[in-house]
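None of the figures in this text is laboratory data; all of them are computed from the coordinates on show. Fair warning: this is a prediction, and the values are worked out from it, not measured in the lab. In this analysis, Cβ positions are derived from the backbone assuming ideal geometry, glycine residues included, and neighbour counts consider all displayed protein chains.
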Amino acid sequence: MISLTVASFLFPGLLSLWGQHPGSQTSGPRFLIHPMSKLEIHGTSNVNAFTCTCRQTFVSLPFQIVGGYHPERTQWAFRNTHLRLQTQLFDCGNKVMNKDFYHALKAKTHPTMWIELESIENVQAIKSAWTTLATHTRITIAGTSRSVPVQARVRKLSEGKLQIYAERALKMSDFGIQPPTALMGMIKTNDEIIIKLDLVVEVLSL
C-alpha cells in the first residue's frame, strides 16, 4: 500500500515528469505517464493559431530525491531530472507546418528538447483538490537553455495516481529561434509560444 505522505506521493508524482538523464542513477521507484496525457506547444500567426502535439511515448521512469527525504524542508533542490522530448515527434497538423516547426527549432542540429526540474518551493501534500506548487525549471530548446519559474497544479485522482497541469509562455527569440514565416513573408508566426502539460501519472512501485 502506498502511503500518502509528502515523501511518497508528492515527489513521485512530480518527478515522474522527468526521466533520469543518461549516466544518472536509475534504481528505485518507477512511474508511468499514461497515454491520455498531453504535452503541447501553442502558437499564433497573423492569420491563425496552431497547436503542435507531442506524439512521443514515455516509458516508465525512475526518480531520485537528492539528499534524501527530510519532512522539515519546505524547498527542495534537484539534479539530473530531465524530460527528454524529440522535436520531430511533435505534430502540428500537416506536413508543411511540421516542416516549418522542425526547421525553426533547428531539429537537424538539435533534435532534442529538455525540461529539467531544478527546485520546488513551499512543498505540501497532494489531495483530491487542486494544489498549486511553485517550481523552477530549466528549459532547453534548439540548444539554448533558460531557467524559468513554472506554476504546477497537482491533484490526486486515486491511490497512487496524480494529474499534473502546467503551462508557461515563452518567447522563441529568447532561445535564439527566428519565428518562421511562409508565402514570401505574408504569413508571420508570432514570437510567443505556450508550452502546456496535462499529465496523468501512476506510481508503479514504491
> What net charge is computed for the residues neighbouring residue 34, neighbours being all others with C-beta under 9 Å from the C-beta of residue 34, Lys and Arg scored +1, Asp and Glu -1?
Replying inline: 0
>> If I stretch the segment between residue 161 and residue 187 completely, what's the gain in nm (0.36 nm per residue apart, minus their alpha carbon distance), one decimal?
In response: 5.1 nm
>> Between residue 131 and residue 173, what is 0.36 nm times their sequence separation minus the Cα-Cα distance? Round to one decimal in nm.
In response: 11.9 nm
> Can you list the residues, at least 5 places off or on another chain, whose amide H is less than 5 Å from the amide H of residue 190, using H built in the peptide plane?
Replying inline: 44, 45, 46
>> Can you divide the C-alpha Rg of the stretch 83-202 by 2.2 N^0.38 Å and report the result to two decimal places?
In response: 1.23
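Could you calculate the contour length gain from residue 110 to residue 40, that is, 0.36 nm times the residue separation minus the distance between their Cα atoms, to one decimal place in nm?
Using 0.36 nm per residue and subtracting the Cα-Cα distance, I get 23.3 nm.
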> For residue 38, which lysines qualify as cross-link partners when the Cα separation must be under 18 Å and same-chain residues fewer than eight apart are set aside?
Replying inline: 156, 161, 196
